[in-house]
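Values in this text are rule-based calculations from the coordinates and carry no lab data. Since this is a predicted model, take the numbers as computed values, not measurements. Counting neighbours? That spans all protein chains shown, and the Cβs are built from the backbone with ideal geometry, glycine included.
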Amino acid sequence: MAQEKPKKPRSKKLNLSSKATWRSILKDVDKKEVPIHVLEKLMVHLKDGTVVKVDIKQILKSGVDPEDVEARVNQQLHDLDDYIDNVDFFVDLEQVERTVQPETDKILSKL
């Protein structure tokens, strides 16, 4: 009599609660546009070696409208484009989790 091979599970438990998991997910996402409300800070590296920190999280905490912050940042980056070597965007993982987790839960509950 031939023995049947045990079937492999067709699914795995998805745990999206840890920062490490979110960090891993975000690493693989194409980030051409990042919503301003999930940014922690920008580090603008100028061609002369100067580094300018823009604390987005603090600006938003002070009550400035996110759309105004986004418009100002975009305008500044555009105006200084000839002087900018690179811009690093730092994402607030806790804010990403608060934003994405409810939608993820809603989608997964329908499966």
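How many residues, within segment 74-111, are among the β-branched types (V, I, T) and within 16 Å of V34 (Cβ to Cβ)? So that I can check it myself, show each step before the final result.
Taking segment 74-111 first, the residues among the β-branched types (V, I, T) are 84, 87, 91, 96, 99-100, 104, 107.
Those left that are additionally within 16 Å of V34 (Cβ to Cβ): 87, 91, 96, 99-100.
So the answer is 5.
For segment 34-68, name all the residues that are part of a helix (DSSP H, G or I) and of a type in the set (V, I, T). Break it down stepwise before answering.
Of segment 34-68, the ones part of a helix (DSSP H, G or I) are 36-38, 56-61, 66-68.
Listed by number, the residues that qualify are I36, V38, I56, I59.
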Within segment 81-111, the count of residues that are farther than 21 Å from E40 by Cα and not in a helix (DSSP H, G or I) comes to 2
